[in-house]
1. Tell me which of these Glu224 doesn't satisfy, since it passes every other one: (1) over 18 Å from Ser185 (Cβ atoms); (2) of a type in the set (D, E, K, R); (3) more than 21 Å from the chain's Cα centre (by Cα).
2. Could you check, for the range 224-240, whether at least one of its residues is more than 18 Å from Glu265 (Cα to Cα), among the hydrophobic types (A, V, I, L, M, F, W, C) and surrounded by 13 or more Cβ atoms within 10 Å (Cβ to Cβ)?
3. Within 16 Å of the ligand (Cβ to nearest atom) and either assigned to a helix (DSSP H, G or I) or within 21 Å of the chain's Cα centre (by Cα) (or both): which single residue out of Asp196, Asp177 fits that description?
4. For the subset of the range 129-186 comprising residues that are closer than 16 Å to Gly70 by Cβ and of a type in the set (Ser, Thr, Tyr), which member is surrounded by the most Cβ atoms within 10 Å (Cβ to Cβ)?
5. All but one of (1) surrounded by 19 or more Cβ atoms within 10 Å (Cβ to Cβ); (2) touching a Leu at 6+ places or on another chain (Cβ under 7 Å) hold for Leu262, so report the exception by its number.
6. So is Phe47 closer than 29 Å to Ser102 by Cα, exposed (fewer than 15 other Cβ atoms within 10 Å of the Cβ) and touching a helix residue (DSSP H, G or I) at 6+ places or on another chain (Cβ under 7 Å) or not?
Amino acid sequence: MSSQYYKLSGRFSPAGLAIALGLGVTGAVMSSAVYAYVMAWIPLVYFLILFVFGYSMLMGMLASLALRIGKVRNSAVGALVGLIIGVAALYWSWVFWILAESSQEVFIWAPDQLWAAIQYLGDKGVWSIKGATPTGVVLFAFWAVEAAAIVGMSAWSGFKAASNNAFCEKCDCWMEDGVPLGFFSVSPDANGLKGDLEAGRLDRLKALSGVTPDESHHTIVSLEDCAKCQGHKLLTLTERVITFDDKGNQQNKDTVLVNRLLVEEQLAGQITDFWKASLEEAAKSEEQAAQVPVTSDDTEES
Ligand SMILES: [Zn+2]
């Protein structure tokens, strides 16, 4: 059964790894200069707290992009590359921050000297909030949160980038993101449907009826595709429950029923055609139902 599903190969090339590291670390060092100068020059503490998390997200995106370009599809290597990118961003943000705080006079980049400078600044305190200047353990706790956000976010994003995206080994390219083929009612026997699909009986999807994506409980049938070859297509079925919170915001609870089943080429069009036909049919019978009282009115008048 398992061979019918897409599996992450765990592969990467030395050249691809070098590209991912080169791009990621270069981007991290360059952006850390901007980050450090903003942190040093803008005195708004609350803005800076948000800025730390914004920069962490940016480093996560950088790690993802670098790993995608380097075609790394090994989750452990992805996490490690993300970690290195995050550490580079953090390290160089300290170098540039000290440069900025010293009005471009102190440029320390050797690890031991940098650590000594950080300890000195930690004892002295570097900023104030509501008249208080945190020092020692309190200030180091702030720095630890900043470090964890930047390094953690890029390592986690690296892990996800290398393991969440589907890759076509034949064409050596990432596959396109999943596209919904249609939205259907929920099967009363989800396991039975899964077994049928695994047995190649994709026509069993036709036992479901087409619905619109705003239906509160429905099944999403989606497909991932290789843009270069006609080989791989990956079918995913997701059950979605839509609820609304107190503020009226939509909340989706998704459960994956079938995860990246390898399927035949011609399937995509068939499922979409079936979904559309099913919706049209439903609309037609609704129309007919609405017309019934109108015709009875007519007969009364005549
Ligand atoms: Zn391909």
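Bear in mind that the values in this text are calculations on the coordinates, not laboratory data. Source: prediction; values computed, not measured. FYI the Cβ positions are ideal-geometry reconstructions off the backbone, even for glycines, and counts take in every protein chain you see.
1. Exception for Glu224: condition (3).
2. no
3. Of the residues listed, the single one that is within 16 Å of the ligand (Cβ to nearest atom) and either assigned to a helix (DSSP H, G or I) or within 21 Å of the chain's Cα centre (by Cα) (or both) is Asp177.
4. The qualifying residue surrounded by the most Cβ atoms within 10 Å (Cβ to Cβ) is Ser154.
5. (1)
6. So Phe47 fails the test.
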